[in-house]
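The values are calculated or read from the model by the stated rules, or taken from the named source; none is laboratory data. No experiment lies behind these values; they were computed from the predicted model shown. Glycine gets a Cβ as well: all are built from the backbone with ideal geometry, and neighbour counts include every protein chain shown. Note: areas computed on protein heavy atoms with side chains; ligands, DNA, RNA excluded. Shrake-Rupley method; radii C 1.70, N 1.55, O 1.52, S 1.80 Å.
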Amino acid sequence: MILRRLKTHIEKENWFAVGIDFCIVVIGVFIGIQVANWNAAQNEKREAQDYIVRLHEDVISLIETRHGLINDRQEGFLLMNEAAKIIVNGKGDSFTPQHCARLVYNTSVSNPTDDLGTLLELQTSGQLNLFKDADLKTALQNYLLARARSRDSQNQISRLVEPLYRLHPDLISVEQATNAVPGQIQDGIFSCDLDGMRASSSFKNDLDGAQTYMGLHVMDNARISESLTKLHAVLDKNLGIMHDEDTHK
């Protein structure tokens, strides 16, 4: 209709009316573009919010999944340090079966899972730019960096660490074999020759290396846990969620 009217005004050389019709067309197109842009922005905002909700669920699930193994590795590292002090420094005779078992399992340095399914989807689809919040972008980047460093360190440790019981079978021996059945593994029972360990420079050198690898492993996982905690806090802020002080720890 507007085009037919514009044609009529041109034929009658009514240039004032032509100018008005032209302005109406331009303004209409402009408003249409703005509405389309606004709709697109709203859709992106809703999509980003959906991803934030999903990331929040993934982070909580991952923290819970990692919790037990992280604690086990930290406790194991403390036991290994206690064993090393008893062996190397020759202080005390309080060397327990738990200390011996920790020396047996010194190669337990595989990282617990660190994957976030929603984050992987965002990376694959190239949609990380959906997020406009600078703190959220920083938290995600820091998590990805911490994860990359941890995985690289894991690869190095896995290549270098060797089981002490295999290096020193004369000092660590099996008393009862590991019983492995589907769905359940019962650890074996081992004995450690404390006096022999104290007298062996070779063993003490290898023990020092085992401590180092276990320590690096614990530090790697602490780095991941710290970045997950910070990411959790930023996601809570975006979602307006309030927790008790200990929730993010």
Would you please list the contacts, defined by Cβ atoms under 6 Å and residues six or more apart or on different chains, that run from a residue in segment 105-121 that is polar (S, T, N, Q) to a residue that is not in a helix (DSSP H, G or I)?
-> Thr107/Val161; Thr107/Pro163
Any chance Arg102 is at pLDDT 90 or above, in a helix (DSSP H, G or I), open to solvent by 20 Å² or more (accessible area, probe 1.4 Å) and within 24 Å of Asn71 (Cα to Cα) = yes
Residues of segment 109-122 being at pLDDT 90 or above and exposed (fewer than 15 other Cβ atoms within 10 Å of the Cβ), which ones?
-> Thr113, Asp115, Gly117, Leu120, Glu121
Within segment 137-149, identify whether any single residue is free of Cβ contacts under 8 Å to residues at least 24 places away in the same chain, outside any helix (DSSP H, G or I) and farther than 21 Å from Asn221 by Cα, and answer yes or no.
-> no
Looking at Asp72, Asp93, which is the one that is at pLDDT 90 or above and either surrounded by 12 or more Cβ atoms within 10 Å (Cβ to Cβ) or part of a loop (DSSP other than H, G, I, E, B) (or both)?
-> Asp72
Can you tell me how many residues in segment 205-226 are closer than 15 Å to Asn81 by Cβ and surrounded by 15 or more Cβ atoms within 10 Å (Cβ to Cβ)?
-> 9
Which number in (1) at pLDDT below 90; (2) surrounded by fewer than 13 Cβ atoms within 10 Å (Cβ to Cβ) marks the one condition that Glu44 misses?
-> (2)
